[in-house]
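Only one structure is covered here, and it is reproduced in the block below.
All of the numbers you see were taken from the coordinates with simple rules; none came from a lab. None of the values given here were measured: they were computed from a predicted structure. Here Cβ is always computed from backbone atoms with ideal geometry, including for glycine, and neighbour counts include all displayed protein chains.
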Amino acid sequence: MASHYEAPIRTPLITGDKTYHDISVDVAAPIEGKANKSWWIVFSIALVAFLWGLGCIIYTISTGIGVWGLNKTINWAWDITNFVWWVGIGHAGTLISAVLLLFRQKWRMGINRSAEAMTIFAVIQAGLFPIIHMGRPWLAYWVLPIPNQFGSLWVNFNSPLLWDVFAISTYLSVSLVFWWTGLLPDFAMIRDRAKTPFTKKIYGILSFGWSGRAKDWQRFEEVSLVLAGLATPLVLSVHTIVSFDFATSVVPGWHSTIYPPYFVAGAIFSGFAMVQTLLIIMRKVSNLENYITILHIENMNLVILLTGGIVTVAYLTEYFIGWYSGIPYENYTYLSFGAATGPYWWAFWALIICNLLVPLTLWVRKWRRNIMWTFIVSIIINIGMWFERFDIIVIDLSKDRLPSSWSMFSPTFVDIGIFMGTIGFFFVLFLLYARTFPVIAQAEVKSILKSSGDNYKRLRAEKGDDTPHYTEVSGTASVKKETEKTEKMSSEELSENDKKENINNLLSSLGTFNPDTQTADDLKKISGVGPVMEQKLHSLGIYTFEQVSKMTDKEYDLLDSIINEFPGRAKRDDWAGQASKLKNS
Amino acid sequence: MYTLPGKLKLLAIVFMVIGAIGIASGFLNTPSNTEEVKELLASHSEDGHGNATAVHEETKESHNQVGVEESHENEHLKHALHAYQNRPWSAFYVAAFFFFMLSLGTLVFYAIQYAAQAGWSPVLFRVMEGISAYLPIGSIIIFAFLIASAMGLNHLFHWMDPDLVNPESEHFDEIIFGKSGWLNTPFFLIRIAIYLGVWNLFGYILRKNSIKGDTSDNLTWFKKNFKMSVGFLAFFIVTETIMAWDWFMSLDPHWYSTLYGWYVFATMIVSAITVIALVTITLKSQGFLEFVNDSHIHDLAKYMFGFSIFWTYLWFAQFMLIWYADIPEEATYFVTRIDDYKLLFFGMLVTNFVFPFLVLMNSDFKRVNWFVVLAGVVILVGHYIDVYLLVMPTTVGEHWYIGIPELGAVLFFLGLFIFVVFNALTKAPLLQKNSPFIKESKHFHY
């Protein structure tokens, strides 16, 4: 890939002085640990929603499409709206993984895995709607071009709805392959860390026997690039074809040529909004703030600004050309004065406010770096993009060319139930993923650690660009090597003897740990102690809350002199106080 | 510092002189009345060109009433006369816009580099500045041309005819009347003056800050350019669409397509990037731009490849949707182009898509200079044809021909473009000194 030099002006993409080992530990932590209570709560809610949606689907199929709120004029509404909404959301993943890869954007590496997962889960939801809408889903295979004796008549190749079948299935398969290819080295990492033979076996299968040899990596990089090249036109083609559904067949005699690029931009816009929604939660829950930094969030907001700007220009163009064309019918379409003041004024304004006005706040740097505000905006955009599709279908159809057939649409509980069900299904899949998959592409993140990690950038700032990024290792225990590596990077260094003496002093006041009689506590429960710090404490011989609780200023200083990673951290967080509470609980 | 090679200067001047002669002869040879048109059509049908008279013969047979035939014939000749009179103007307009859009597209690409904080391209910034130096003169020529059109010196912009919006007149056109809030000469010229003015002002400031940066010890200039670029791009994305409506879509005032503005943009950006690559390779071959390596050329070629596909995508999207709906008032745009310009219309898909797609597909070829030049020249020819097809079918119709007026105009503007661009390159060192990303760009290998 690109040369390793990176301008000092660029903000680090990995913070928290991470080493290679830290990355492995941090990424594996959610998989190796146990789910907490909030995960179970959210999962249960999602599961209930999913089951409710499943019930509605079964009801629809066993009774008929009549259970939806459709009528003769508005003969499709929520189904196509939801379908396009989900397909659109499914766009960001492949964009991040493919297009940003081609543009050599390093910040994609913190977020691509989850964005791709989101893509696949969203496309699965999207695919449900056409199948349900068929009414007889057991004949779904009729959309495939198979000879007449196996199905009905030869499929109608003139219909964009059929093109969707091919576009979306191609997109899903390529995205899946792309996603899984990236996962191979990461699954292998989990496999190699696994403690039980069962986990080892499972992750061994998932990683396709990844060996980590140079040959593996070389093939890996080649195939990634080829898939990126294939996926990029696919990103464009899928939503182009989805846009043809609307551009060619909503109201006869009405169409708009800007639809293909405008829909692609809109899809990326909504997809990134959904990535924001998911990642803002995930980085907090899974302690990934060092990998999905505020810079990542800001960059995603910039993509939202760009694609939102393109969508805005498309809206203005639609509106203007509607007037310019001089055709009276244009005043009944979804972006017109007629729509803004007609019975569906609320849907029109929901679209304008959510997609056009609210994202404008992201022009302010302070706001687009505000996590809470970003989260709110991302949800608003998702609502707005749902309304965009709703408006195109329902507003356009509600006043077609025959005033006698004008009507309104009101959804039934089944329409709403199926939509909620897909949201539930989506979150069920995503939550399961978050507990079993490496949610950060750790192999790729490691590849940029030396160019974009904050510790390395600081080192170069202090010692010049040409300073070596490695140090010769002379420790004994393997854990110690890691410790030393970080230590050596800082300018002050203690001799081995000094250190040993300090450790002895420290342990004499804290008491030693005897593995035969005592059990080790989970030191990570102390706020300020992560998996890495825990290991460092272990390597010094500190295993219990009892030991930590005895720390005073003197011990803190000693600790800092041995592990000078976060000077003053232990004292500031009052580890001793925390530990004495923990040991009694 | 770069100095303008004498040969190049001479070449540019020769182009301009020959081109000017071509343009002038185009105007002088225009028929001034219907009699001359008659002769011209007759001579053309002998040459095998212009089957207009043949078609006319057929219609003659089907009409038996002599009076109708007479007026029909006159009508037809008048129409042909207008087309012939429009031709040198159109040829001039096409070439003027083509070279104008090269510099405007380059300025946009340059602004994108700042806005995206690109690390690969800073060694090419001075080249981009040089190419965008043509923007002021290009704008002035286009604006002067549009003023001349507004004054009635030519009839390219049909809607400027006051009869069309006069309800008393027999030529009253209700559709154009409905658009007169937008399509009226004063507003037309005012908005064009505004967006041309802002684009030029931006180009000027960007260049000024960039030069200032060479002697500056802080990054204020860079931050300014970053902010300016973002603002410019936001302004541009809106005004570019308006430009496309004003300058090309309004030639055919009944017709409309929402995609049109972006389609013109695609042509602009792919041609501009091609020119950046060509100028870079030229300078490199003269021994300048020591820090530009084949990775930079590779990236430019990737953009040429990518935007060629992007152009095709938009071409197809617009064509497919209009063809599929087949609504007469929309389909007319493609009907004229396919009936009268079949070779150019479909040929341009070969030059703009098939050829660059095949030649630039292989990643090793994108690093070979002559391959890039070969693909680049074909792309530029193809996009000249594209601009030609934006204008000619509505102004000249079936009476088109690529001859002295067209080639003369292209030569003249090519000479002017070379002269202005390479002259601008001599004005400043070819490498920005203090850009924060310059080292990244110098070390750019992959």
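The table below gives the values:
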read-out: Given B:LYS78/B:LYS179; A:LYS450/B:LYS208; A:LYS284/B:LYS302; A:LYS195/A:LYS525; A:LYS284/A:LYS536; A:LYS37/A:LYS200, the pairs whose alpha carbons are separated by over 30 Å; value: A:LYS450/B:LYS208; A:LYS284/B:LYS302
read-out: Of the DSSP H helices in chain A, those whose Cα atoms cover at least 24 Å axially and whose Kyte score averages 1.0 or more; value: A:37-63, A:259-285, A:294-324, A:371-390, A:413-436
read-out: Between region A:35-101 and region B:91-120, the Cα center-to-center distance that results, in Å; value: 43 Å
read-out: Euclidean distance of C-alpha centroids, region B:359-408 and region B:1-43, integer Å; value: 19 Å
read-out: B:PHE316/A:SER508 FRET efficiency (R0 56 Å; Cβ-Cβ; nearest 0.05); value: 0.10
read-out: Region A:20-449 shape via C-alpha gyration tensor axes, a/c threshold 1.5; value: prolate
read-out: Rounded to 10°, Cα long-axis angle of helix B:52-62 versus longest principal axis of chain B; value: 30 degrees
read-out: With Cα atoms, 0 to 90° folded angle of helix B:328-340 axis to chain B main axis; value: 80 degrees
read-out: Degrees between helix B:185-213 axis and first principal axis of chain B (Cα, 0 to 90, nearest 10); value: 20 degrees
read-out: CD proxy at 222 nm, helix term only [per DSSP H run n ≥ 4: -39500 (n - 2.57); per residue of the protein assembly as shown; nearest 500]; value: -22500 deg cm²/dmol
read-out: Summed residue charge, Cβ within 13 Å of B:SER25's Cβ, Lys/Arg positive, Asp/Glu negative; value: 0
read-out: In range of the label at A:ASN71: residues from region A:326-351 whose backbone nitrogen is under 18 Å from the point 7 Å along Cα→Cβ; value: A:342-347
read-out: Gyration tensor over alpha-carbon atoms, the protein assembly as shown, equivalent ellipsoid semi-axes in Å; value: 60, 38, 23
read-out: Exposure proxy ranking, count of Cβ atoms within 10 Å, fewest first, for A:LEU302, A:LEU279, A:LEU144, A:LEU128; value: A:LEU144, A:LEU302, A:LEU128, A:LEU279
read-out: Sequence ranges A:34-42, B:27-35, A:409-417, ranked by mean other-Cβ count within 10 angstrom, highest first; value: A:409-417, B:27-35, A:34-42
read-out: Sequence-separation-based contact order of chain B, relative, with Cα cut under 8 Å and 6+ spacing, percent; value: 34 percent
read-out: Neighbouring partner chain Cβ atoms per residue of A:324-333, average, 10 Å criterion; value: 4
read-out: Between region B:160-228 and region A:503-568, the Cα center-to-center distance that results, in Å; value: 69 Å
read-out: Prolate/oblate/rounded call for region A:1-81, Cα gyration tensor, a/c under 1.5 rounded; value: oblate
read-out: Distance between modelled label sites at A:LEU230 and A:LEU139, nm, 7 Å Cα→Cβ extension; value: 3.4 nm
read-out: Within straight-line cross-link reach of A:LYS72, lysines at Cα separation under 18 Å, skipping those fewer than 8 residues along the same chain; value: A:LYS399
read-out: A:ILE146/A:LYS201 FRET efficiency (R0 35 Å; Cβ-Cβ; nearest 0.05); value: 0.35
read-out: Residues A:THR317, A:THR544, sorted so that the one with the fewest Cβ neighbours within 10 Å comes first; value: A:THR544, A:THR317
read-out: Estimated FRET transfer efficiency when R0 is 56 angstrom, pair A:ASN287-B:LYS427 (beta carbons, to 0.05); value: 0.55
